[in-house]
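Visitor: Attaching a single structure in structure tokens format; questions to follow.
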Amino acid sequence: MMNLSDFKKFTFASLFTEESRPAFVKMQPILQTMGSSVHCLYVNTPGKFIPNQKMEQQMFQFINGNAGVPIHRHVYNHAEVENGILDFSNSNNVGWIGIASNNRKSSAAYNIGVTETILFKSDTPVFSVKLS
């Protein structure tokens, strides 16, 4: 059984690009209502490695002007994005996970994305907003 205290810590996993900003903006009223602190998370993988300093600067620019909720920035190293999100969330006692989902009209039907994998592997609630 869940209660409101389960929603105090929120992981927002993203690439922190301009394309994902509208999804984060859409999430903010709910985050404010729930009194959540946001843990912005970039999972750094060997295949898509970005130096920490560069990603932290990108995250800072992304969240600049979004002062409605407490925001923390994290760059987490892991071999796989999905398991990195889950490991980070579990080790930090995060109550729910937010992901900006891509519009995958051109993708093959059998191609499972990050959001679907997180939903399948985790008991943690997932808040997904579709990117337009």
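The values are calculated or read from the model by the stated rules, or taken from the named source; none is laboratory data. These numbers come from a predicted model, not from an experiment. No Cβ is skipped: glycine too gets one built from the backbone with ideal geometry, and neighbour counts run over all protein chains shown. Heads up: the accessible areas ignore ligands, DNA and RNA and are worked out on the full protein's heavy atoms, side chains in. Shrake-Rupley method; radii C 1.70, N 1.55, O 1.52, S 1.80 Å.
Visitor: If one puts a single equal scatterer on every Cα of the chain and applies the Debye formula without solvent, what log₁₀ I(q)/I(0) results at q = 0.09, 0.11, 0.14 Å⁻¹?
Guide: -0.24, -0.36, -0.60
Visitor: At 1.4 Å probe size, put D123, D87 in order of accessible surface, largest to smallest.
Guide: On the way: D123 160, D87 65 Å².
I get D123, D87, largest accessible area first.
Visitor: How many lysine pairs are close in the chain, with Cα atoms under 28 Å apart and the two 8 or more places apart or on different chains?
Guide: 20
Visitor: Work out the charge dipole of the chain with +1 on the Cβ of Lys and Arg and -1 on the Cβ of Asp and Glu about the Cα centre, then indicate which of N52, C40, V129 is farthest towards its positive end.
Guide: V129
Visitor: Taking a probe of 1.4 Å, how large is the accessible area per residue of the chain, in Å²? List each step's numbers first, then the result.
Guide: Details: 7750 Å² over 132 residues.
I get 59 Å² per residue for the chain.
Visitor: Ignoring any ligand, DNA or RNA, what whole percent of the accessible area of the chain comes from carbon and sulfur when the probe is 1.4 angstrom?
Guide: Details: 4140 of 7750 Å².
That fraction is 53 percent.
Visitor: Just to verify a number: what accessible area does V94 come out at with the full protein assembly present, 1.4 Å probe, Å² rounded to tens?
Guide: About 10 Å², rounded to the nearest 10.
Visitor: Also: Can you give me the distance in nm between label points at L119 and M34, each placed 7 Å from the Cα along the Cα-to-Cβ direction?
Guide: 1.6
Visitor: Something else: For S5, S89, S128, write out the residues from largest to smallest accessible area, computed with a 1.4 angstrom probe and no ligands counted. Kindly include the intermediate steps, with their values, before the conclusion.
Guide: Numbers: S5 75, S89 0, S128 55 Å².
Greatest to least solvent exposure: S5, S128, S89.
Visitor: For N64 and D87 in the same chain, what is the full-extension length gain: residue separation times 0.36 nm, less their Cα-Cα distance, in nm?
Guide: Details: separation 23, 0.36 × 23 = 8.28 nm, distance 2.65 nm.
Stretched out fully, the N64 to D87 stretch lengthens by 5.6 nm.
Visitor: Got a sec? What order do H39, H72 fall in by accessible area at 1.4 Å, biggest, i.e. largest, first? Kindly include the intermediate steps, with their values, before the conclusion.
Guide: Values: H39 20, H72 75 Å².
The most accessible residue leads, giving H72, H39.
Visitor: Using only the Cα atoms of segment 48-91, what are the Rg and Dmax in Å?
Guide: Taking only Cα atoms of segment 48-91, I get Rg and Dmax of 12.0, 33 Å.
Visitor: Something else: Could you work out [θ]222 nm for the chain from helices alone, using -39500 (n - 2.57) per DSSP H run of at least four and dividing by all its residues? Round to the nearest 500 deg cm²/dmol.
Guide: Numbers: 4 runs with 45 residues, N = 132.
Value at 222 nm, helices only: -10500 deg cm²/dmol.
Visitor: What's the magnitude of the charge dipole for the chain around its Cα centre, counting Lys and Arg as +1 and Asp and Glu as -1 at the beta-carbon? Answer in Debye, nearest 20.
Guide: Values: 11 positive and 9 negative charges, 57 e Å.
Approximately 280 debye in magnitude.
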